[in-house]
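K.L.:
Dumping the structure here so I can ask a few things about it.
The values are calculated or read from the model by the stated rules, or taken from the named source; none is laboratory data. Everything numeric here is computed off the predicted structure, so don't read it as measured data. For neighbour counting, all protein chains shown are included, and Cβ atoms are generated from backbone atoms with ideal geometry for every residue, glycine included. Keep in mind that these areas ignore ligands, DNA and RNA; they rest on the heavy atoms of the full protein, side chains included. Shrake-Rupley method; radii C 1.70, N 1.55, O 1.52, S 1.80 Å.
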Amino acid sequence: MERTRIAVAGASGLIGSALVRSLTSDGHEVRRLVRRAPRGADEIRWDPEKGQVDSAGLAGCDVVVNLAGAGVGERRWSDAYKRRIHDSRVHGTAALAKAVASLDAPPRVFVNGSAMGFYGETGERVVDESSPAGSGFLPELCVEWEAAAAPARDAGVRTVFPRTGLVVARGGGAWAKLFPLFTAGLGGRMGDGRQYWSYIALHDEVAAIRHLIDRDDLSGPFNLTAPEPLTNREITEAMGRVLHRPTLFPVPAQVLRAVLGEMAGDVLGSARVVPKRLLESGFVFAFPGIEDAIRAA
């Protein structure tokens with residue numbers, strides 16, 4: 001795409017930082033949304049929990065990308081932390097969407113992060129973007145999260161929701177916790193290992209977001225997951241093959257529940273999510289297979 005001015009919320013996170021590197025390396029101008037006083041013209045002040053955004057800083061931006069939110073897997077889910085997960089996403093999205101809608105010359109696209117958690121527990125059932133939301137904390141959060149972007153969509157701004165899967169990367173997310181265990185030879189399946197994990201290489205995550213930015217004919221939800229989800233057992237075996245380590249230390253379901261609390265339901269749950277709309281749009285994965293994704297990380 002031509003040189004573009006792009007505002008990014010969540011620019012310091014795993015996906016956001018990789019997206020910013022990709023965009024700036026191609027010569028695009030990136031403005032980061034920050035919670036402190038801006039230190040330069042490339043920063044925009046906002047407070048997602050309080051719903052405050054410096055709209056003037058968004059003026060002239062062609063694209064607004066919102067990837068902000070407290071880490072779902074960073075700590076055990078207390079009631080207070082669940083509120084933080086919720087508010088950082090829903091309030092932040094609502095504030096950005098309202099700011100985007102208020103501009104005299106709004107951006108051409110608003111990319112608002114979401115997650116495959118939208119679908120909840122799917123068992124062996126394959127789900128795509130036409131499938132309904134599941135039930136529970138994460139599905140209900142995702143529904144509210146996406147709905148909070150309504151002001152931008154209602155103002156005529158093309159709005160896209162990348163529903164991201166488990167990102168295979170060393171620097172953050174679930175795999176940042178898995179790599180050290182497997183490298184040390186302490187990895188193993190979780191629970192019975194039959195639950196499906198829908199993953200995506202970090203490189204493909206960034207490429208898919210840029211694909212959604214570039215294509216003016218794309219809007220609504222897009223699953224950002226590799227074409228063929230695998231079971232936790234299959235992924236465990238692939239980790240062992242790529243890292244040349246044994247995978248002899250399964251983690252029983254009861255241990256996960258004791259350590260993780262409510263969040264264990266999502267580790268042990270099955271999400272067999274496929275990127276139907278992304279593939280139909282012509283996107284080509286660079287690392288579609290799990291071993292390729294692990295090597296890339």
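K.L.:
Give me the extension gain from S219 to S78: residue separation times 0.36 nm, minus the current Cα-Cα distance, reported in nm with one decimal. Let's see the in-between values first.
P.N.:
Values: separation 141, 0.36 × 141 = 50.76 nm, distance 3.45 nm.
Roughly 47.3 nm would be gained on extension.
K.L.:
May I ask for the net charge around A296, where only other residues with Cβ less than 13 Å from the Cβ of A296 are counted and Lys, Arg are +1 while Asp, Glu are -1?
P.N.:
Values: positive: R170, R295; negative: D204, E205, E291, D292.
For residues surrounding A296, the net value is -2.
K.L.:
Quick one: what are the phi-derived ³J(HN,Hα) couplings along segment 161-175, Karplus 6.51/-1.76/1.60 with θ = phi - 60°, whole Hz, x for glycine and proline?
P.N.:
Karplus values, whole Hz, x for Gly and Pro: 10, x, 8, 7, x, 6, 7, 7, 7, 7, x, x, x, 4, 5.
K.L.:
OK, next. Counting only C-alpha contacts under 8 Å and six or more residues apart, can you give the relative contact order of the chain as a whole percent? Mind dumping the intermediate values first?
P.N.:
Working: 611 pairs, mean separation 54.5, N = 297.
Rounded, it is 18 percent for the chain.
K.L.:
In deg cm²/dmol and to the nearest 500, what is the mean residue ellipticity at 222 nm of the chain if only DSSP H runs of at least 4 residues count, each as -39500 (n - 2.57), divided by the residue total?
P.N.:
On the way: 12 runs with 117 residues, N = 297.
Helix-only estimate at 222 nm: -11500 deg cm²/dmol.
K.L.:
Give, in nm to one decimal, the length gained when the segment between H244 and D192 is fully stretched (0.36 nm per residue of separation minus the Cα-Cα distance). Don't skip to the end; give the middle numbers.
P.N.:
On the way: separation 52, 0.36 × 52 = 18.72 nm, distance 2.23 nm.
Roughly 16.5 nm would be gained on extension.
K.L.:
At 7 Å along the Cα-to-beta-carbon direction for both R170 and S22, put a label point, then send me their distance in nm to one decimal.
P.N.:
With each label point 7 Å from Cα toward Cβ, the separation is 1.9 nm.
K.L.:
Any chance you could run the full-extension gain for D104 through D54? It's 0.36 nm times the residue separation minus the Cα-Cα distance, nm to one decimal.
P.N.:
Length gained between D104 and D54: 16.6 nm.
K.L.:
Quick check: with the 1.4 Å probe, what order do K177, K82 take by accessible area, largest first? Write down the numbers at each step before the final one.
P.N.:
Numbers: K177 120, K82 40 Å².
Correct descending sequence by accessible area is K177, K82.
K.L.:
Would you mind checking which residues have amide H under 5 Å from F222's amide H? H placed 1.01 Å from N; only 5 or more apart, or other chain.
P.N.:
Result for F222 returns F161, R163.
K.L.:
Would you work out the charge dipole size for segment 1-107 about its Cα centre, treating the Cβ of every Lys and Arg as +1 and the Cβ of every Asp and Glu as -1, and quote it to the nearest 20 debye?
P.N.:
Working: 17 positive and 13 negative charges, 102 e Å.
Using Cβ point charges on Lys, Arg, Asp and Glu, segment 1-107 gives about 480 debye.
K.L.:
While we're looking at this one, here's another question. Indicate, rounded to the nearest 5 percent, the antiparallel portion of the DSSP beta bridges found entirely in the chain.
P.N.:
Values: 4 of 34 bridges.
Looking only at bridges with both residues in the chain, the antiparallel portion is about 10 percent.
K.L.:
Now for a different question. Compute the Kirkwood hydrodynamic radius of segment 140-211, taking the inverse of the mean of 1/r over all pairs of distinct Cα atoms, and give it in Å to one decimal.
P.N.:
Values: mean 1/r = 0.0665 Å⁻¹.
Hydrodynamic radius (Kirkwood, Cα pairs) of segment 140-211 is 15.0 Å.
K.L.:
Still on this model: Top to bottom by accessible area (1.4 Å), largest first, where do W197, W175 land?
P.N.:
On the way: W197 20, W175 0 Å².
Output order, biggest surface exposure first: W197, W175.
K.L.:
Here's another thing I want to ask about it. Within the set of other residues whose C-beta is less than 13 Å from the C-beta of E49, count the net charge using Lys and Arg as +1 and Asp and Glu as -1.
P.N.:
Working: positive: R35, K50, R83, R84, R89; negative: D47, D87.
It works out to a net charge of +3.
K.L.:
What residue among Y119, Y196, Y81 shows peak mean-square fluctuation when the chain is described by a Gaussian network model with Cα springs under 10 Å?
P.N.:
Y81
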